[in-house]
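One structure is given below, encoded as structure tokens.
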Amino acid sequence: MKLKLTTKIFIGLFLGVVVGLMLQSNSSIAMTYIKPFGDLFINLIKMLIVPLVLSSLIVGASSIGDIKTLGKIGGKTLLYYLFTTAFAVSIGLLLGKLFNAGVGISMPVEVVAQEAKEAPSLISTLLNVVPKNPIKALVEGNMLQIITFALFLGIGATSLEESKSKAFISFFDSLANIMYQITGFIMSLAPFGVFALITPVVASNGIDILLPLIKVIGAVYIGCVIQIVIVYGFTIKAFSKMSPFTFLKGISEAMATGFSTSSSSGTLPVSIKCVTKNLGVSDKIASFVLPLGATINMGGTALYQGVCALFIAQVYGVDLTFSQMGTIIITATLGAIGTAGVPGGGLIMLSIVLSSVGLPLEGLTLIAGIDRILDMARTVVNITGDMAASVVVAKSENELKKVA
Ligand code: ASP
């Protein structure tokens, strides 16, 4: 019997959890012998990110054609990202309140008085999107800067007469296609990669570390399900008439990859493959909306920040006011733009959210131990949001074809 890749990935995931549980008392075995294979798998995927984002965005921007259409599609994409992310933080805050996870865990009072450290400003993140040296941005893998440069190249190329830009565009088109091809090869190793990634996470996060924070984990996981089913499911149904079930089935391979790699950027090649092959989104829209989303759209991360901010406030006995909650919503939504789509990116941004309302940064240490468990779920939400946006935008631009 020939199993589908998604099924094989889920088997890898399941076996990883089982073996991880068995190795709990001896987690060094998982760390020494199994984890390197997981790291190897992630490195293989990461190898594709910079050339893929550069080439697909150049092709995406140049195939959209004029600047007006590009602005229209970009505008719709950004609106979708901002609204759904703001929604996500609100769900997070609400669940944080309902679960009352921090009540009962108390921290020494003197920490409360401690001044929050100065947060890096959001303005500087936004100003930094223009690379002074694009080659440096490529070498360092600075995604926001690479996106800006690729968009300029794509726009520049289309505003030239065709004879002058044809060779340039077809080179990058070819490069993007080669990257998709390599993705296919690498993904055939995914069941093993996923197994090797999950086993050490389960083995080293024993029950002891999970129990006290089980409510936080529960709140984040439930929030993630709500965001996927209600927010993305509803918008998919309302704006593209696609059944949420078809949508989820079509993207399951990307979801499993996101869950095990905890990286939106790392999942990007798989996300592009899922929406174009399984859901009928045109290459043009997928190659524009998805690289952008993998970098700036983080609904799951924002949701997690809502839950954690409320949890930390409760632990330190701080009663957040309505306007402080508003500040958290704005900071987490905009902060998502500057969050790197890599494992742990959201934990760093959480410090900015905490500082924005003067909560003690020491609270981060409570979360750090379980962050990977939370990261797996929030990354699934992040990439689901990217793919939902691609379907909604494709439909509105008449770029969604029926898949048999
Ligand atoms: N790991 C997440 C992602 O790549 C970012 C985060 O840490 O929240 O989407």
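The values are calculated or read from the model by the stated rules, or taken from the named source; none is laboratory data. Being a predicted model, the structure only gives us computed values, none of them experimental. Cβ sites come from the backbone with ideal geometry, for glycine too, and all protein chains shown count toward neighbours. Quick note on the areas: whole protein, heavy atoms, side chains included, nothing else; ligands and nucleic acids left out. Shrake-Rupley method; radii C 1.70, N 1.55, O 1.52, S 1.80 Å.
Going from most exposed to least, what order do E399, E162 have by accessible area with a 1.4 Å probe?
Reading off the accessible areas and sorting them downward yields E162, E399.
Determine the relative contact order of the chain: mean sequence separation of Cα pairs under 8 Å and six or more apart, normalised by residue count, in whole percent.
Relative contact order for the chain comes out at 32 percent.
Each residue of the range 141-152 in order: what ³J(HN,Hα) in whole Hz does its phi give by Karplus 6.51 cos²θ - 1.76 cosθ + 1.60, θ = phi - 60°, with x for Gly and Pro?
Karplus values, whole Hz, x for Gly and Pro: x, 7, 4, 4, 5, 5, 4, 4, 5, 5, 5, 4.
Note down, for the range 135-270, the three equivalent ellipsoid semi-axes (square root of 5 times each alpha carbon gyration tensor eigenvalue), biggest first, whole angstrom.
Calculated on Cα positions only, the semi-axes equal 37, 21, 16 Å.
For K166, which lysines qualify as cross-link partners when the Cα separation must be under 17 Å and same-chain residues fewer than eight apart are set aside?
Within reach: K284.
Can you give me the convex hull volume of the Cα atoms of the chain, divided per residue and expressed in Å³?
Dividing the Cα hull volume of the chain by its residue count gives 146 Å³.
Report P(r) for the range 182-231: all Cα-Cα distances, bin width 10 Å, range 0 to the bin holding the largest distance, values in whole percent.
20, 27, 36, 16, 0
If I fit a long axis through the Cα atoms of helix 264-273 and take the longest principal axis of the Cα atoms of the chain, what angle between them do I get, 0 to 90°, rounded to 10?
The helix 264-273 is inclined about 40 degrees to the chain.
Could you compute the net charge surrounding C274? Neighbours are other residues with a C-beta less than 11 Å from the C-beta of C274; K and R count +1, D and E count -1.
With Lys, Arg at +1 and Asp, Glu at -1, the neighbours total +1.
Enumerate the residues in the range 30-55 having an amide nitrogen under 19 Å from the point lying 7 Å beyond the Cα of L189 toward its Cβ.
31-52
Per DSSP H run of at least 4 residues, take -39500 (n - 2.57); add these up for the chain, divide by its residues and hand me the 222 nm value, nearest 500 deg cm²/dmol.
Helix-only estimate at 222 nm: -24000 deg cm²/dmol.
Can you tell me the orientation of helix 345-356 relative to the chain, as the angle in degrees between its alpha-carbon axis and the longest Cα principal axis, to the nearest 10?
Relative to the chain, helix 345-356 is tipped by roughly 60 degrees.
Contour minus end-to-end for F239 and V17, with contour as 0.36 nm per residue of separation and end-to-end as the Cα-Cα distance?
Extending this stretch completely gives an extra 76.2 nm.
Given the whole protein assembly as supplied and a 1.4 Å probe, what does the accessible area of K273 come to in Å², nearest 10?
In the full protein context, K273 sits at about 60 Å².
Angle between the Cα long axis of helix 322-338 and the longest principal axis of the chain, 0 to 90 degrees, nearest 10?
40 degrees
L400's amide H: which non-local residues (gap 5+, or another chain) put their own amide H closer than 5 Å, with H modeled 1.01 Å from N in plane and none for Pro or chain starts?
Close amide H contacts, sequence-distant or interchain: none at all.
Dividing the alpha-carbon Rg of the range 297-404 by 2.2 N^0.38 Å yields what?
1.24
What nm distance separates the two modelled labels at F322 and N100, each placed 7 Å from Cα along Cα→Cβ?
Taking the simple label geometry, F322 and N100 are separated by 2.3 nm.
Applying the Karplus parametrisation 6.51 cos²θ - 1.76 cosθ + 1.60 with θ = phi - 60° to the phi angles of the range 83-89, what ³J(HN,Hα) value in whole Hz is obtained for each residue in order, glycine and proline being reported as x?
Karplus values, whole Hz, x for Gly and Pro: 5, 5, 6, 4, 4, 4, 4.
Springs between alpha-carbon pairs under 10 angstrom, Gaussian network model over the chain: which of A309, A377, A30 fluctuates most?
Result for the chain, Cα springs under 10 Å: A30 fluctuates most.
Tell me, what is the FRET efficiency for V139 and N26 to the nearest 0.05, using R0 = 51 angstrom and their Cβ-Cβ distance as r?
0.80
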